[in-house]
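Okay, so here's the structure we're looking at.
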Amino acid sequence: MHQRLARQARSPHMKARTGLTALRITLNQKSVPVMSEETLSFQAEVSKLLDIVVHSLYSDRQIFLRELISNASDACDKLRYEGLTDPALLEGEAGFTIRLAVDKDAGTLTIADNGIGMSRQELIDNLGTIARSGTQAFAEALKARKEEGTDLSLIGQFGVGFYSSFMVAEKVEVVTRRAGEGHGWRWSSDGKGAFSISEAPDATRGAAITLHLRDDAREFLEEHRLRTIVRTYSDHIAIPVILALPADKDDDDDSDAPAEPRLETLNEASALWTRPRDTITPEQYTAFYRHVAHGFDEPWHTLHFRAEGVMEYTALLFVPKDKPFDLYTPERKPRIKLYVNRVFITEECESLLPSYLRFVRGIVDSTDLPLNVSREMLQEDPRLRKVRSTLTRRLLDDLAKRAKDDEEEYLSFWSAFGAVLKEGLYEDFERKEDLLKLARFRTTLSPTPVSLETIAGRMKEGQQALYYVTGEDGDALARSPQVEGFRARGIEVLLLTDPIDEFWVSAVPSAHDKPLRPVAAAGADLEALPLVDEDGAKKDEAPATEGDKLDRLIAALKAALGDEVADVRASSRLTDSPVCLVAKEGSLSPHLRKLLSQANQKTDLPDDRVLEINPRHALIRALAERCSGEGTAHDARVSDAAHLLMDQARILEGEPPADALGFARRLTDVLQNAL
Ligand SMILES: Nc1ncnc2c1ncn2[C@@H]1O[C@H](COP(=O)(O)OP(=O)(O)OP(=O)(O)O)[C@@H](O)[C@H]1O
């Protein structure tokens, strides 16, 4: 096991798979040796997945061919790369091909490559477990489906790589020899729970996947069908996909020697990104996007350009339409493939994009980097920093253009990736202004997200700043007492509900030349503005509790609540509610405190919240009256009211009352007295 993990650790794919190590360790493979053949069971998740694949939920069965050709192409890329440091692996054969061969009598279709191949252990790991990110997502969706009845047809969007062969085949055989190894292996399975492995001494380098087609899938033995599928889905593959056709036997040829098959190259076989833009169709871009991104959606945006200067390179980048399922994994790694002179170098070149653009997929092909470029070099090379800066600028410029051209379309992008892009407000000081322009926010006046420019344009006369409130649920925030006073004055408040919002706001003191402030910090700004009715006309305010009365009330509330609050103060933030809880200035907001505790992060800062009271509210005025008499310090009713108000404020913040029993008792008393 250790050896296997060590080997995986060296493989360029390991990074993406670290989370799966545990899965593999828990594998329960029953091993039943039968002469030189061994039968092993699939990992339980694979069996479940195959069961669904076999009972075909895809209408689009032909995608199996795209998946297998894509794997073959990756295998060739890997060998080409490993061959740079260890030319012996190439065994003198450096020309890569992917061959399709049909045997109509046997009903088989074979997809063969001369790439890296697989060792015995790799066969078990790769084709017996869930080793692939997309397949893992599928398995997770399966689990979710059990729990909450997810629509199965959605699962098609994940794609299941190699396992998709079982959509069309009743039996699949893989004969493979890993480059550099003496002999090969045969893997075979009917996809029903088990697979077998035996030696294949004569296997050639690479992998040959033979599909014994089901009766209802014999269409995939037809040349014209294969030709069309390859041209549609795999034309961009940079390695020739060759169809071997039976030779036309010459009439005069009466020898028994088998005639050589005719070979027909089906695809363009040149890297798509090297072709001029105007010769590439949108379908070809989409097919390529799906290949590099392992996506099943359409690209929402495509950026393809050649750059000259400190470094010469071509970039072909895509913004997906749908959120990739691993967008929020803790690594937050950008996934751009790096090529040097069309030779694939690495899957995860982190230095090519900032992590807040990690949803972008695609490739960069440089003509200047050395082929043996190391990981360290990739991280430190100043030219790559320049490339990163150019790619970032061009992507952000394009996003701005798209927003300008069609705001509605842009909002579909924003709803998928806005939360990730906002990480840049916190991390990329240089691009803060650009990112602020791209940002869209839901507000108390607009359920559809709008730009800061729009919000700033709607500021009221005398309004000092742009205000925001943070929390989990936009609807609840829009109705919360925190924003009442703003609503009553016709002032728009940004409703920030992404976890990242709590972090970037601290790094962005102003936006669009206006200070950006939390609602809790409004204070005097707000008092200076008049209350307005729905038509914007000025409204009279109810009389407020003031002076001594107010002081006595505040003193009585403080005495009753003790340590439960850091302070009690009057506020003009409230209009309809009697009280609300706010964070003391300079302390963590309740929402941030909650986020940190969910992430198991302890904070040393005390939970010092302020209870704000509305001096114009009838209840507060009545309470103030009661407190103005003698002996109120020990008035049980005032104390009960203080606790009930405090609990009410907590409930509005989405928290339970501090002491449920006490809360129930007080509420009962109050109701009893009132009836
Ligand atoms: N023709 C092949 N030659 C060598 N290895 C292969 C071949 N086909 C599949 N494999 C190995 O099997 C693994 C699983 O393949 P599968 O198609 O299920 O997912 P995948 O290609 O890894 O997915 P992804 O493309 O998302 O990384 C591959 O990662 C690869 O290591």
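The values are calculated or read from the model by the stated rules, or taken from the named source; none is laboratory data. Here the structure is a predicted model, which means the values were calculated and not measured. Neighbour counts run over all protein chains shown; Cβ positions are idealised from the backbone, glycine included.
Got a sec? Which of LEU352, LEU316 is touching a His at 6+ places or on another chain (Cβ under 6 Å) and modelled with pLDDT of 85 or more?
One residue alone meets the criteria, LEU316.
Give the residue that is farthest from the ligand (Cβ to nearest atom), with candidates limited to residues of segment 184-243 that are in contact with a Ser or Thr (Cβ under 7 Å, 6 or more places away or on another chain) and not in a strand (DSSP E or B).
Filtering first and then ranking leaves GLY193.
One residue is enough: does segment 517-526 have a residue meeting the conditions assigned to a loop (DSSP other than H, G, I, E, B) and over 21 Å from ILE620 (Cα atoms)?
yes
State which residue is nearest to the chain's Cα centre (by Cα) when the search covers only segment 61-119 and only residues that are of a type in the set (Ser, Thr, Tyr) and within 11 Å of the ligand (Cβ to nearest atom).
SER70
Inspect segment 517-532 for any residue being modelled with pLDDT under 85, exposed (fewer than 12 other Cβ atoms within 10 Å of the Cβ) and within 43 Å of the chain's Cα centre (by Cα) and give the result as yes or no.
Yes: segment 517-532 contains one or more residues that are modelled with pLDDT under 85, exposed (fewer than 12 other Cβ atoms within 10 Å of the Cβ) and within 43 Å of the chain's Cα centre (by Cα).
How do the pairs read when you match residues in segment 59-85 that are of a type in the set (Val, Ile, Thr) with residues anywhere that are within 13 Å of the ligand (Cβ to nearest atom) and part of a helix (DSSP H, G or I), using Cβ under 7 Å and keeping only pairs 6 or more apart or on different chains?
Matching pairs, first to second residue: ILE63/SER164.
I need the full set of residues from segment 383-437 which are touching a residue at least 12 places away in the same chain (Cβ under 8 Å) and not in a helix (DSSP H, G or I), in order please.
LYS422, ASP428
If you scan segment 68-93, which residues turn out to be over 24 Å from ASP235 (Cα atoms) and out of contact with any helix residue (DSSP H, G or I) (no Cβ under 8 Å at 6 or more places or on another chain)?
Within segment 68-93, LEU84, THR85, ASP86, PRO87, ALA88, GLU91, GLY92 qualify.
Quickly run through segment 166-183 and pick out the residues that are within 14 Å of the ligand (Cβ to nearest atom) and either touching a Pro at 6+ places or on another chain (Cβ under 8 Å) or within 21 Å of GLU38 (Cβ to Cβ) (or both).
Hits for segment 166-183 are PHE166, VAL172, GLU173, VAL174, VAL175, THR176, ARG177, ARG178, GLU181.
May I ask you to verify whether ILE124 is assigned by TED's automatic domain parsing to the domain that holds LEU243, among the hydrophobic types (A, V, I, L, M, F, W, C), within 13 Å of the ligand (Cβ to nearest atom) and in a helix (DSSP H, G or I)?
Spelling it out, ILE124 is indeed assigned by TED's automatic domain parsing to the domain that holds LEU243, among the hydrophobic types (A, V, I, L, M, F, W, C), within 13 Å of the ligand (Cβ to nearest atom) and in a helix (DSSP H, G or I).
Take the residues in segment 438-469 that are assigned to a loop (DSSP other than H, G, I, E, B) and free of Cβ contacts under 8 Å to residues at least 40 places away in the same chain; name whichever of them is surrounded by the most Cβ atoms within 10 Å (Cβ to Cβ).
Taking the candidates together, the pick is ALA439.
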